[in-house]
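First the structure, in the form of structure tokens, and then the observations on it.
The values are calculated or read from the model by the stated rules, or taken from the named source; none is laboratory data. On a predicted model such as this, the values are computed, not experimentally measured, just so you know. Quick reminder, even Gly has a Cβ in these numbers, built from the backbone with ideal geometry, and neighbours come from all protein chains shown. Note: areas computed on protein heavy atoms with side chains; ligands, DNA, RNA excluded. Shrake-Rupley method; radii C 1.70, N 1.55, O 1.52, S 1.80 Å.
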Amino acid sequence: QLQASGGGSVQAGGSLRLSCAGSGRNFDTTIMAWLRQAPGKEREFVAGISWSGSRAYADSLKGRFTISRDNTKNTVYLQMNSLKPEDSAVYYCAVAVIRRIMPIPTEPREYDYWGQGTLVTVSS
């Protein structure tokens, strides 16, 4: 089970920090990630992090978003700075179970478990 929180409304240029706590399984062999979906658009990869701390970001978000992970709490965070109206979306945390040596997945279909989503609205 994944429980996301931290969404809300913010003005452009502001910041938000999303959290997602996992429970009910061993997260040692997982990649945790954030993906987002804006109205009328497909779900897209935002950032992902492995158990060991390797990170991947969508190219367009590098420098503004930072993903981190607390393995003792099975929790993944997304710090979002310099937010823009186009960042408005429902943000989902997701987990991919590592079954082989693999890069951090960027396709939604590669993720096995999903949280309920948290809405981020950025006004201009």
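Go through the range 13-21 residue by residue and turn each phi into a ³J(HN,Hα) via Karplus (6.51, -1.76, 1.60, θ = phi - 60°); whole Hz please, and just put x for glycine and proline.
With coefficients 6.51, -1.76 and 1.60, one gets x, x, 10, 9, 10, 9, 10, 8, 9 Hz.
Just going by the charge dipole of the range 45-88, with Lys and Arg at +1 and Asp and Glu at -1 on Cβ, which of Ala56, Phe45, Asn71 is farthest out on the positive end?
Checked the options; the winner is Asn71.
What does the accessible area of Trp51 come to, in Å² to the nearest 10, when a probe of 1.4 Å is used?
Approximately 90 Å² of Trp51 is accessible to the 1.4 Å probe.
What does the convex hull of the alpha-carbon atoms of the chain project to on average, in nm²?
So the mean shadow area of the Cα hull is 7.0 nm².
Tell me which residues come under 5 Å, amide H to amide H, from Arg69 once H is placed; ignore anything under 5 positions away on its chain.
Amide H neighbours of Arg69: Tyr77.
Please report the carbon-and-sulfur percent of the accessible area for the chain; probe 1.4 Å, protein heavy atoms only, DNA, RNA and ligands left out.
47
I'd like to know which of Ser23, Val95, Val120 lies farthest towards the positive end of the charge dipole of the chain, counting +1 on Cβ of Lys and Arg and -1 on Cβ of Asp and Glu.
Farthest towards the positive pole: Ser23.
Using +1 on the beta carbon of Lys and Arg, -1 on that of Asp and Glu, and nothing else charged, what's the dipole of the chain about the Cα centre, debye to 20?
Taking the Cα centre of the chain as origin, the dipole is about 160 debye.
State which stretch of the chain is the longest one without any exposed trypsin sites (Lys or Arg not before Pro), exposure meaning a DSSP loop state and at most 14 other Cβ atoms within 10 Å.
Longest gap between qualifying sites, sites excluded: 42-72.
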